[in-house]
Amino acid sequence: MKVGTKKDIFDCLQGMKVYAPVGEKLRFGEVKSADEIGSPESIPLSPKEAFVPQDETLFFYDRPGDPSSIKEPDNVEQFAVWGLHPCDAKAMQLIGKVYTEGNYTDTYFAKRYEASVKIVIGCPHPRQTCFCGSFDGMGPFSEVGSDIFLIPLDSDRFLIKGTTEIGEKLIASLPDATDIDIAKGEKQKKRGEDAIDRSVPTDGLEKTMENLFDNEDFWGDLHHRCLGCGICTYVCPSCYCFDIQDERIGDKYRRYRVWDSCQFGLFTLEASGHNPRPTQKERIRQRMMHKLSFFKIRYGDDQLCVGCGRCVTECPTGIDIRNVAKRADAYLKANAK
């Protein structure tokens, strides 16, 4: 274990672009010095944008219909992402299942993920809306998906662990942690583990939700509260849906993809005019089912929700995914008697 300040760690990343919380922009962005790095707690958006940009160029072309004129963007160089929480690092792995497993590999995501150094910060003070501890194998100090793991000791000192070979090499020059530092780190871990919400019933939740898919009584008037604004999907670290568009720039063209949301009415609108999810009722149900059921049924290991609580915090009408899971569990138990 190593120990150091924010500047000490930043200096280990020389030669790389570094993406971190930028308070003025309320999002993650490129920083040039350690002084620019803000607190991840003050940023509503997740660091997903470093791996899945909101606006991502797929290729440029000069002549529509002529494949020989296509030019792809330059190769991705190594970069670092500072300030992922354990839930964010897990979310990137879940997106990776969709983008890289199966018959097709999304090379844009795969190259970016492979080129990244993921600096994950443990959470000694989880927010009241955080519930990552409700999911198997997760918690506020999970090191899964990290290259360098940080435990805050005070406002500007961290206990530092290289969790992969590249992470260990990058921090090799930092001083070793003392027994006092390690003991303080253990206290911080205990504080976070004791505070995290573990009350959301997730064991077998995917089957519970599947059984309630067509249950009108269960879904009730949840959709009446949903504005279809898409904030929940934009702040979510594990949402990955996108739309693809083309635009003309002078005498050249660009094909790009942008984040999309299953909460938008146009998301499932077909060319025929038919929409299989015609109202917000079907859309909010789709979101809850995908996060808590469909993904695990398909991929077998994890729910797509990672318990970050951002959707709970940012929803303008107070829709709470935790309550949906708890109600599902209680509803099925009550009606099984």
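The values are calculated or read from the model by the stated rules, or taken from the named source; none is laboratory data. Note that the coordinates shown come from a computational prediction; the quantities given were computed from them, not determined experimentally. Quick reminder, even Gly has a Cβ in these numbers, built from the backbone with ideal geometry, and neighbours come from all protein chains shown.
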Which condition number does residue 247 fail, the rest of (1) assigned to a loop (DSSP other than H, G, I, E, B); (2) without any contact (Cβ under 8 Å) to a residue 12 or more places away in the chain being met?
(1)
In the same structural domain as residue 160 (by TED's automatic domain parsing) and either crowded, with 22+ Cβ neighbours inside 10 Å or closer than 26 Å to residue 125 by Cβ (or both): is that true of residue 55 in this structure?
no
Residues to consider are 49, 72; find the one that is of a type in the set (Asp, Glu), in contact with a Phe, Trp or Tyr (Cβ under 9 Å, 6 or more places away or on another chain) and farther than 21 Å from residue 238 by Cα.
72
Please verify whether residue 329 is among the charged types (D, E, K, R), at pLDDT below 95 and under 15 Å from the mean Cα position of the chain (by Cα), treating the condition exactly as stated.
no
Output the helices (runs of 4 or more DSSP H) that fall wholly within region 72-186 and possess 1 or more residues being surrounded by fewer than 21 Cβ atoms within 10 Å (Cβ to Cβ) and more than 21 Å from the chain's Cα centre (by Cα), or say none.
165-170
Restricting to region 17-38, and then to whatever is surrounded by fewer than 16 Cβ atoms within 10 Å (Cβ to Cβ) and in a loop (DSSP other than H, G, I, E, B), can you tell me which residue is nearest to the chain's Cα centre (by Cα)?
26
Given the criterion outside any helix (DSSP H, G or I), at pLDDT 95 or above, touching a Gly at 6+ places or on another chain (Cβ under 8 Å) and among the hydroxyl-bearing types (Ser, Thr, Tyr), identify the matching residue among 272, 261.
261
Scope region 299-312; condition modelled with pLDDT of 95 or more and assigned to a helix (DSSP H, G or I); matching residues
310, 311, 312
The residue that is surrounded by the fewest Cβ atoms within 10 Å (Cβ to Cβ), considering only those in region 307-327 that are touching an Asp or Glu at 6+ places or on another chain (Cβ under 8 Å) and closer than 14 Å to residue 233 by Cβ, is 312
Out of region 172-226, which residues are among the aliphatic types (A, V, I, L, M), over 20 Å from residue 312 (Cα atoms) and either without any contact (Cβ under 8 Å) to a residue 24 or more places away in the chain or touching a Phe, Trp or Tyr at 6+ places or on another chain (Cβ under 7 Å) (or both)?
172, 180, 183, 212
Given the criteria within 13 Å of residue 236 (Cα to Cα), in the same structural domain as residue 227 (by TED's automatic domain parsing) and among the basic types (Lys, Arg), does residue 281 qualify?
no
Single condition residue 284 does not satisfy, out of (1) surrounded by fewer than 18 Cβ atoms within 10 Å (Cβ to Cβ); (2) within 29 Å of residue 136 (Cα to Cα)
(1)
Checking residue 64 against (1) surrounded by 13 or more Cβ atoms within 10 Å (Cβ to Cβ); (2) in contact (Cβ under 8 Å) with a residue 60 or more places away in the chain; (3) not charged (D, E, K, R), the condition it does not meet
(1)
